[in-house]
1. I'd like the full set of residues that are free of Cβ contacts under 8 Å to residues at least 60 places away in the same chain, part of a helix (DSSP H, G or I) and either on the phi > 0 side of the Ramachandran plot or buried (at least 20 other Cβ atoms within 10 Å of the Cβ) (or both), limited to segment 373-404.
2. Of the residues that make up segment 18-36, is at least one modelled with pLDDT under 80, part of a helix (DSSP H, G or I) and more than 25 Å from residue 286 (Cβ to Cβ)?
3. Those residues that are at pLDDT 90 or above, part of a helix (DSSP H, G or I) and buried (at least 16 other Cβ atoms within 10 Å of the Cβ), I need them from segment 424-439; list them, please.
4. Residue 127 - would you say it is over 24 Å from residue 343 (Cβ atoms) and modelled with pLDDT of 75 or more?
5. Across segment 56-93, which residue is surrounded by the fewest Cβ atoms within 10 Å (Cβ to Cβ) among those that are more than 21 Å from residue 259 (Cβ to Cβ) and either over 24 Å from the mean Cα position of the chain (by Cα) or modelled with pLDDT of 75 or more (or both)?
6. How many residues, within segment 135-176, are at pLDDT 85 or above, part of a loop (DSSP other than H, G, I, E, B) and more than 9 Å from the chain's Cα centre (by Cα)?
7. If residue 419 meets every condition in (1) farther than 17 Å from residue 173 by Cα; (2) assigned to a helix (DSSP H, G or I); (3) in contact with a helix residue (DSSP H, G or I) (Cβ under 9 Å, 6 or more places away or on another chain) apart from one, which number is that one?
8. With (1) touching a helix residue (DSSP H, G or I) at 6+ places or on another chain (Cβ under 7 Å); (2) modelled with pLDDT of 85 or more as the list, and residue 392 as the residue in question, which single condition is left unmet?
């Protein structure tokens with residue numbers, strides 16, 4: 001009996017690696033092991049668990065943030081940001097790469113949709129960088145890494161889901177992830193600046209004549225539209241959460257409505273655009289919530305078979321210290337990210353390890369931000385890094401998969417360095433929430 005929960009756990013991973021759909025795998029394996037162990041009556045509890053998930057007001061933020069991100073993608077704001085920033089930093093070596101990182105951070109704080117950000121920046125920035133003599137590996141690595149900043153910089157769907165699974169306030173997750181997210185952006189920028197000094201041939205500056213044309217065109221209106229308007233939306237969403245004026249769900253509603261107004265202001269709003277955004281939002285939201293249903297079934301059976309208790313006892317008998325257990329979880333999540341999606345990791349691994357962290361007395365807010373930083377790497381690690389697929393899909397023919405894989409390595413190293421910093425200095429996560437709460 002004790003071995004059944006772990007057989008079920010391994011079965012789910014093997015089926016996912018074979019390419020079966022996540023929700024169907026979680027639900028199907030759970031039903032099989034549940035009926036095998038308890039009979040069909042045990043699943044009378046499942047509708048109550050699903051109802052509890054569907055009536056969770058915190059999770060209402062998921063479709064609202066998705067709507068906000070998709071709507072902003074259609075507004076053309078990303079294109080203006082990239083074009084304007086490129087000219088502002090163009091006279092520096094690596095100026096285009098610097099602008100991609102900064103725009104990636106701004107889009108992360110205003111959309112949080114990784115696929116949309118990577119595709120948009122790939123279409124806009126990659127041809128321009130290659131045309132100006134940038135190294136293909138540096139170009140692709142910068143775009144892919146910057147496009148995934150939406151995983152750690154709030155408002156982030158990952159932080160919402162982790163907060164729900166860990167039973168931690170989503171507002172605290174947003175506040176706790178802000179400093180690490182900004183530090184990660186700073187480390188990306190520092191790397192590009194140092195590389196520009198040490199190997200200037202990899203990233204030429206934009207010709208002075210081209211920049212002068214931009215200056216002569218009186219670009220202040222363009223700069224205001226490109227920066228101030230999306231920045232106001234970020235302040236409205238995150239500021240309302242940090243100030244305690246609105247809950248994350250209410251802030252998500254503010255963001256969705258604000259994105260609608262911005263698209264109208266940019267004269268991009270039409271019936272077709274609205275239908276496209278609503279269709280994509282419905283599809284993405286349905287995908288997340290059907291996985292939630294499967295995860296609930298998995299959790300119900302796993303705990304019914306006392307899998308969490310057996311795992312806790314095994315760790316106690318192995319005399320694991322909290323630090324060693326944290327290291328094992330982080331390494332396991334990082335390796336799992338090579339093969340499976342971040343949503344699968346959140347709903348399969350996190351519910352299993354969260355009670356053990358609680359038993360060890362570890363701060364779950366800190367653990368949540370560590371997991372978010374770790375899961376961000378799953379978008380960048382081959383062979384199944386989604387950002388790499390997105391970028392390859394829009395890259396010119398001369399950019400190979402090898403260029404993309406090699407280009408992302410320095411940024412993965414930077415992410416791992418940032419992960420170590422958070423482990424060594426938990427105050428990077430806990431300080432700001434304590435200050436804002438007055439503790």
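The values are calculated or read from the model by the stated rules, or taken from the named source; none is laboratory data. Being a predicted model, the structure only gives us computed values, none of them experimental. Positions of Cβ are generated from backbone atoms using ideal geometry, with glycine treated the same way; all protein chains shown enter the neighbour counts.
1. Residues satisfying the conditions are 374, 377.
2. The answer is no; no qualifying residue exists.
3. 428, 429, 430
4. In short, yes.
5. My answer is 91.
6. So the answer is 4.
7. Only one criterion in (1) farther than 17 Å from residue 173 by Cα; (2) assigned to a helix (DSSP H, G or I); (3) in contact with a helix residue (DSSP H, G or I) (Cβ under 9 Å, 6 or more places away or on another chain) is unmet by residue 419, namely (1).
8. Going through the list (1) touching a helix residue (DSSP H, G or I) at 6+ places or on another chain (Cβ under 7 Å); (2) modelled with pLDDT of 85 or more, residue 392 breaks only (2).
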